[in-house]
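Chemist: Okay, handing you the structure first.
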Amino acid sequence: MASITFDRITKRYPDGTQAVSELDLAIRDGEFLVLVGPSGCGKTTALRMAAGLEEISEGRLLIGDRVVNEVHPSQRDIAMVFQSYALYPHMSVRENIAFPLQCAGLAKAEVRERVDRAADALGLTELLERRPKALSGGQRQRVAMGRAIVRQPQAFLMDEPLSNLDAKLRGQMRAEIRNLQREYRTTTLYVTHDQVEAMTMGDRIAVLRKGVLQQLGTPEELYESPANLFVAEFIGSPPMNVLSATVTRAGSGSELLLGSQRLVLPAGALDAYPELAGADATPVALGLRPEALRDAAGADPSWPRLLADVELVENLPPEKLVHLRLDAEPVVTEATLELAADVDQAAAEDLRALGRGSVLHARLPGTTPVREGTRAQFAVPPSALHFFDLSTGQAIAPQSPRLAAATA
Ligand SMILES: Nc1ncnc2c1ncn2[C@@H]1O[C@H](COP(=O)(O)OP(=O)(O)OP(=O)(O)O)[C@@H](O)[C@H]1O
Ligand SMILES: [Mg+2]
């Protein structure tokens, strides 16, 4: 097993398209790293460079300590699993899984033993004599996985291997792939455009946008401390609410101006944000996760209150997903539009017309007293506020409490 390192790797296709730009990324030995981003951001290109199927324009690719830019794919000792897992239709499951081992010239007994072990791990033992056409989609995908793991390679590269499966099977296979990887401890670079897949599977996640790495971190780090608006809006479902707001000084504390409302922040709430704490009318993009909006009744009285029109209450047991409208200005960034366009063009147009910032999503417990067509009060825990620079989209990150205390 080995690490895989992208050292300032750039890929320019012959037509001039720059698909990957100065990518620095190290997948640790034994790690499961997910590369995620919208369609066309360069995921497959990055993976194919690691596999040796695509020439590297600039930078170095290392497997372990060895630079492999000029090493032939067959000599890299890595196995790929693609979205379309071409199985040989005239071969049985056993023969399909055994094929790479036979090509490598392994002894018959060794081949049999490895195939049996992989089949056992993948729940394919009963199906070994069947032909691929007599298998379900999930079973076929498992055979493709089997063909990759029998080789016991240094690393796995997987490009959206589950995207042809239906939602239920995908969930099941997600767990199976993770369990297998934990068992074999094989370094894995896994590509998907699905943030849920990324969040549930990755030890760490790398978010790519237009060929540029945006952030690398654990699922928790990306969720709790997104580096910029793009990551903030890409990770999480429903996505983070983003509104235009102004942070201003009020007495000894601070206030947030949000549309026509003033949210009074408890004293010290911005201590971790020296850039904002002493500010006089600083415009920011304010980010609120859907779970940051709480029923006001019973919430901590020191938390700021927000009034909003309840437009729609969706029942999603055990929760309710509530759509709210505020008169605050939307923040429609290039990233917002790009993400919406990835879903569909009409949604992007809707956003342009409506402004997403003015419609908020709240995730409330099923017992919430909030009713459609009313105006309701919501409490916001100050620790759940995210701030971003309006012009660059970069997060205004909190400093650690000790650091903030030292600079105060
Ligand atoms: N052979 C090629 N020649 C020129 N441009 C290419 C080539 N292959 C890919 N591209 C471009 O490079 C960019 C990255 O493509 P890539 O296939 O790596 O994206 P991706 O993130 O895998 O997208 P998807 O999620 O749709 O699979 C895109 O703009 C694509 O059009
Ligand atoms: Mg791709």
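The values are calculated or read from the model by the stated rules, or taken from the named source; none is laboratory data. Values in this document were obtained by computation on a predicted structure and should not be read as measured data. Don't worry about glycine lacking a Cβ; one is built from the backbone with ideal geometry, like all the others, and counts go over all protein chains shown. When the accessible area is computed, the model is the full protein with side chains, heavy atoms only, and any ligands, DNA or RNA have been set aside. Shrake-Rupley method; radii C 1.70, N 1.55, O 1.52, S 1.80 Å.
Chemist: In nm, to one decimal, how far is the S225 label point from the R182 one, both placed 7 Å along Cα→Cβ?
Modeler: 2.6
Chemist: Just to be sure I understand: with springs between alpha-carbon atoms less than 10 Å apart, which residue in D65, D389, D24 has the highest mean-square fluctuation in the Gaussian network model of the chain?
Modeler: Top of the fluctuation ranking is D65.
Chemist: Further, regarding this structure: Please list Y13, Y190 in order of solvent-accessible area, largest first, computed with a 1.4 Å probe with all protein chains present. Walk me through the intermediate numbers first.
Modeler: On the way: Y13 65, Y190 0 Å².
Correct descending sequence by accessible area is Y13, Y190.
Chemist: Moving to a separate point now. If you consider only alpha-carbon coordinates, what radius of gyration and Dmax does the chain have, in Å?
Modeler: Final numbers for Rg and Dmax: 24.9, 81 Å.
Chemist: Another question about this same structure. Using a 1.4 Å probe over the heavy atoms of the protein chains, calculate the carbon and sulfur portion of the accessible area of the range 4-227 as a whole percent.
Modeler: Details: 4720 of 10190 Å².
Result for the range 4-227: 46 percent of the exposed heavy-atom area is carbon or sulfur.
Chemist: Can you give the relative contact order of the chain as a percent, counting alpha carbon pairs under 8 Å and 6+ residues apart?
Modeler: Values: 848 pairs, mean separation 63.2, N = 408.
After rounding, I find 15 percent.
Chemist: Before rounding to the nearest 500, sum -39500 (n - 2.57) across all DSSP H runs of length at least 4 in the chain and divide by the residue total; then give [θ] at 222 nm in deg cm²/dmol.
Modeler: Numbers: 12 runs with 116 residues, N = 408.
Helices in the chain give a 222 nm mean residue ellipticity of -8000 deg cm²/dmol.
Chemist: Something else: If you count the DSSP beta bridges with both ends in the chain, what percent of them are antiparallel, to the nearest 5?
Modeler: Values: 62 of 80 bridges.
In the chain, DSSP labels about 80 percent of beta bridges as antiparallel.
Chemist: Still on this structure, I have one more. Relative to the longest principal Cα axis of the chain, at what angle does helix 334-343 sit, 0 to 90 degrees, rounded to 10?
Modeler: Helix 334-343 sits at roughly 50 degrees to that axis.
Chemist: Apply the Karplus curve 6.51 cos²θ - 1.76 cosθ + 1.60, θ = phi - 60°, to the phi angles in the range 283-292 and return the couplings in whole Hz, x for Gly and Pro.
Modeler: Karplus-based 3J(HN,Hα) across the range 283-292 equals x, 9, 8, 9, x, 10, 5, x, 7, 7 Hz.
Chemist: Next question. What FRET efficiency, computed as 1/(1 + (r/R0)^6) with R0 = 30 Å and r the Cβ-Cβ distance, is obtained for R8 and T218, rounded to the nearest 0.05? Kindly include the intermediate steps, with their values, before the conclusion.
Modeler: On the way: r = 24 Å, r/R0 = 0.79.
After rounding, the FRET efficiency stands at 0.80.
Chemist: Relative to the first principal axis of the alpha-carbon coordinates of the chain, what is the inclination of helix 167-184, with its axis defined by its Cα atoms, in degrees from 0 to 90 and to the nearest 10?
Modeler: Taking the Cα atoms of the chain, the angle to 167-184 is about 70 degrees.
Chemist: Treat every Asp and Glu Cβ in the chain as -1 and every Lys and Arg Cβ as +1, leave all other atoms uncharged, and give the resulting dipole magnitude about the Cα centre to the nearest 20 debye. Numbers along the way, then the final one.
Modeler: Values: 43 positive and 52 negative charges, 225 e Å.
For the chain, the charge dipole is close to 1080 debye.
Chemist: Pick out which of V242, V331, V111 has the largest mean-square fluctuation in a Gaussian network model of the chain, springs linking Cα atoms closer than 10 Å.
Modeler: Of V242, V331, V111, the most mobile in the Gaussian network model is V111.
Chemist: Here's a follow-up. For K168, give me every one of the lysines with a C-alpha distance below 28 angstrom, ignoring sequence neighbours fewer than eight places off in its own chain.
Modeler: Once the sequence-local lysines are set aside, what remains near K168 is K43, K133, K320.
Chemist: Separate question: Roughly speaking, to the nearest percent, how much of the range 234-339's 1.4 Å accessible area is carbon and sulfur?
Modeler: Numbers: 2400 of 4590 Å².
The computed percentage sits at 52.
Chemist: Hey, another quick one. Can you tell me the orientation of helix 108-122 relative to the chain, as the angle in degrees between its alpha-carbon axis and the longest Cα principal axis, to the nearest 10?
Modeler: 30
Chemist: Kirkwood-based Rg over Rh for the range 4-227 (C-alpha set), two decimals? Walk me through the numbers on the way to the answer.
Modeler: Numbers: Rg = 17.5 Å, Rh = 18.0 Å.
Result for the range 4-227 is an Rg/Rh of 0.97.
Chemist: Next question. Quick one: which residues, 5 or more positions from I396 or on another chain, have an amide H under 5 Å from its amide H? H modelled 1.01 Å from N in the peptide plane, none for Pro or chain starts.
Modeler: Result for I396 returns F387, F388, D389.
Chemist: Averaged per residue, what accessible surface does the chain expose to a 1.4 Å probe, in Å²? Don't jump to the answer; show the numbers that get you there.
Modeler: Working: 18920 Å² over 408 residues.
Spelled out: the 1.4 Å probe surface of the chain, per residue, equals 46 Å².
Chemist: Using a Gaussian network model of the chain with C-alpha springs under 10 Å, which one of A155, A134, A379 is most mobile by mean-square fluctuation?
Modeler: Between A155, A134, A379, it is A134 that shows the largest mean-square fluctuation.
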